[in-house]
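A.B. asks: The structure's right below; bear with me while I get my questions together.
The values are calculated or read from the model by the stated rules, or taken from the named source; none is laboratory data. Since this is a predicted model, take the numbers as computed values, not measurements. Methodologically, a virtual Cβ is constructed for each residue, glycine included, from the backbone with ideal geometry; neighbour enumeration extends over all protein chains shown. Just so you know, the surface numbers come from the protein's heavy atoms only, side chains and all, with ligands and any DNA or RNA stripped out. Shrake-Rupley method; radii C 1.70, N 1.55, O 1.52, S 1.80 Å.
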Amino acid sequence: MEQFDFTILRELRKRAGLSIGEVSAESGVSAAVISKLERNRTRAELDTLYRLARQSHMAEALIAAAEAGK
C-alpha cells in the first residue's frame, strides 16, 4: 500500500504563514502529531485528517491524498 507524502502539509502551512502551534490550536491536533506528519514519521488517523481538513489551507493536501488512494 502506497503511503501519502504528508510533507505537502508543511508547504501549505508555511504558504499560509502559520506555525505548527497555530495549526494545532485551530485544529485540535497536537503539535507533535502535525510535526511527525510533516516529516512522514507517522500515519494519520481518519479523525486527524478530518480535523486538519477543516483548516482551509490543509484541505488541498487531503484532497490530493484521497485522489492518490484511488
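A.B. asks: Quick one: count up the residues across segment 20-52 that are of a type outside the set (Gly, Ala, Ser), part of a helix (DSSP H, G or I) and free of Cβ contacts under 8 Å to residues at least 12 places away in the same chain. Steps first, answer last, please.
C.D. replies: Looking only at segment 20-52, we keep the residues that are of a type outside the set (Gly, Ala, Ser), and these are 20, 22-23, 26, 29, 33-34, 36-43, 45-52.
Add one more test, that the residue is part of a helix (DSSP H, G or I), and what stays is 20, 22-23, 26, 33-34, 36-38, 46-52.
Retained after the next criterion (residues that are free of Cβ contacts under 8 Å to residues at least 12 places away in the same chain): 22, 36, 46-47, 50.
Matching residues across segment 20-52 total 5.
A.B. asks: Being free of Cβ contacts under 8 Å to residues at least 60 places away in the same chain and part of a loop (DSSP other than H, G, I, E, B) is the filter; apply it to segment 1-19 and report the residue that is surrounded by the most Cβ atoms within 10 Å (Cβ to Cβ). Before the answer, list the steps.
C.D. replies: First, pick out the residues of segment 1-19 that are free of Cβ contacts under 8 Å to residues at least 60 places away in the same chain: 1, 3, 5-19.
If we keep only those that are part of a loop (DSSP other than H, G, I, E, B) too, we end up with 1, 3, 5-6, 16-19.
Details: Met1: 3, Gln3: 9, Asp5: 12, Phe6: 22, Ala16: 13, Gly17: 8, Leu18: 17, Ser19: 12.
My answer is Phe6.
A.B. asks: Then there's this: Taking segment 14-35, which residues are within 17 Å of Arg54 (Cβ to Cβ) and modelled with pLDDT under 85?
C.D. replies: Ala16
A.B. asks: I need a count of the residues in segment 20-58 that are polar (S, T, N, Q) and open to solvent by 40 Å² or more (accessible area, probe 1.4 Å). Explain how you work it out, then say what you get.
C.D. replies: First pass over segment 20-58, keeping only residues polar (S, T, N, Q): 24, 27, 30, 35, 40, 42, 48, 55-56.
Okay, now just the ones that are also open to solvent by 40 Å² or more (accessible area, probe 1.4 Å), so 30, 40, 42, 56.
Qualifying residue count, segment 20-58: 4.
A.B. asks: Now for a different question. Does Arg54 fit the bill of being modelled with pLDDT of 85 or more and more than 9 Å from the chain's Cα centre (by Cα)? Even if it seems obvious, please write down each step before you answer.
C.D. replies: On the way: modelled with pLDDT of 85 or more: no; more than 9 Å from the chain's Cα centre (by Cα): yes.
Here the answer is no, as Arg54 does not meet what is asked.
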